[in-house]
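**Student:** What follows is a structure written as structure tokens; I'll ask about it next.
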Amino acid sequence: MTEPISCEESITRIDVLVESILASSATSTTPLMAEQIQDELAKVATTLQRVRRCLVAAQQKQNKIQASQLESIASGLETAIMSFQLDSSKILLVRRMRRDAEFFVRELTNPVFYWFINSFKYVIYESTTPVKVLFGLILALPIYLLVPQLPYRQLVEKILDPVIQETPACKQEWSVTQVSGLSQDTIRSPQQTRITECDVDQTIASLVMVGIAGSLGSIVSILTRIKDYENEKYSDTVLPIWIGALKPLIGGTFGILIFTLASADLLPLRIDSIEKGRVIQKWYALYAIAFIVGFSERLVKDIISKTEDQILPAQSESGPKR
């Protein structure tokens, strides 16, 4: 028979180590311990508690390999904490040991998804901020490639079909005017224009195109300004990944917004003034504007500000009411 393993000594050492961490935080001679150090010590204490639970589970299962690995991790954390208590500059050593312990504990507690989570955490911990931004962009790229392929016509068909059917046909009104004493028939502009399926298809195509152009503008903006994201403040957070993943979405949304504002004549952009026989030129203009809007956030702010001045001219001149 195999001799049953006992991890009571290691479990006791972990309990003592956690108590010493809590005691050092409570009785610190520093008036206000640095927030970064407090946060790291709290994470170490939490990780030690997780190691303790895994160690108890390994003892119950009589898994000598896991127990030996967990004891080694606990011993490494203990050495790092003792070094930190002697010299507070050893906080980086504590952080490294804590992250290594987190990776192994996650492998034990989440055997299905641990590889994906650990890979994601590795990018967060070991990569620079620009690399995180590019990583977020790469993660979201398949979604942005899929969005233009969605069946938008089928999605809006149930909403637009009643509008198309109920819109009356164009009506031409005739009037009689006097020119040099002679009556002359003239045609007035139609009061209502019938919405056709062709109009709907063209609008959907335009919206998709400007959305793609705005997203591409944001992607090019990320690639050309990648050095601007070098900020150590976000070296240990997931925020740069979200920036890389969502910035193209923001650029595409701004492109669609500018297109709708221009189509509603709320901007001094007269795209509709292009001759009707030159449809390609109109599309080129829409694409270029949406790309520039996605590339430059400052331009979007200026356009929105001018739109507010146009919609509310009196309030913009007098200033905000108190």
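What follows is calculated from the coordinates using simple rules that are stated; it is not laboratory data. Everything quoted here is computed from the prediction, not taken from an experiment. All Cβ positions, even for glycine, are placed from backbone atoms using ideal geometry, and neighbour counts span all protein chains on display.
**Student:** Give the share of C-alpha pairs in each 5 angstrom bin for the stretch 8-126, from 0 to the last occupied bin, in whole percents, shortest bins first.
**Tutor:** With 5 Å bins starting at 0, P(r) equals 2, 11, 21, 23, 19, 13, 8, 3, 1, 0.
**Student:** Using the beta-carbon distance between SER263 and ASP201 and R0 = 22 Å, what value does 1/(1 + (r/R0)^6) give for FRET efficiency, to the nearest 0.05?
**Tutor:** Working: r = 15 Å, r/R0 = 0.70.
With R0 = 22 Å, the Cβ-Cβ based efficiency is 0.90.
**Student:** Now for a separate question. Work out how much length GLU308 to ARG225 would gain on full extension: take 0.36 nm times their residue separation and subtract the Cα-Cα distance, in nm to one decimal. Each step should come with its number before you reach the end.
**Tutor:** Numbers: separation 83, 0.36 × 83 = 29.88 nm, distance 2.95 nm.
Once the chain is fully extended between GLU308 and ARG225, it gains 26.9 nm.
**Student:** So for the stretch 206-253, what are the equivalent ellipsoid semi-axes in whole Å, largest first, each being the square root of 5 times an eigenvalue of the Cα gyration tensor? Intermediate results must be reported in sequence, preceding the final value.
**Tutor:** Values: eigenvalues 122, 26, 5 Å².
Gyration-tensor ellipsoid for the stretch 206-253: 25, 11, 5 Å.
**Student:** Which order results if CYS54, CYS198, CYS7 are arranged by neighbouring Cβ count within 10 Å, fewest first?
**Tutor:** Ranked by crowding around the Cβ, least crowded first: CYS198, CYS7, CYS54.
**Student:** Using the number of other C-beta atoms within 10 angstrom as an exposure proxy, rank TYR284, TYR144 with the fewest first.
**Tutor:** Numbers: TYR284 12, TYR144 19.
Fewest to most other Cβ atoms nearby, the residues stand as TYR284, TYR144.
**Student:** Let me ask something else about it. So, R0 is 45 Å and r is the distance between the beta-carbons of LYS301 and LYS61; what FRET efficiency does that work out to, to 0.05? Mind showing how you got there, number by number?
**Tutor:** Values: r = 60 Å, r/R0 = 1.33.
The calculated FRET efficiency here is 0.15.
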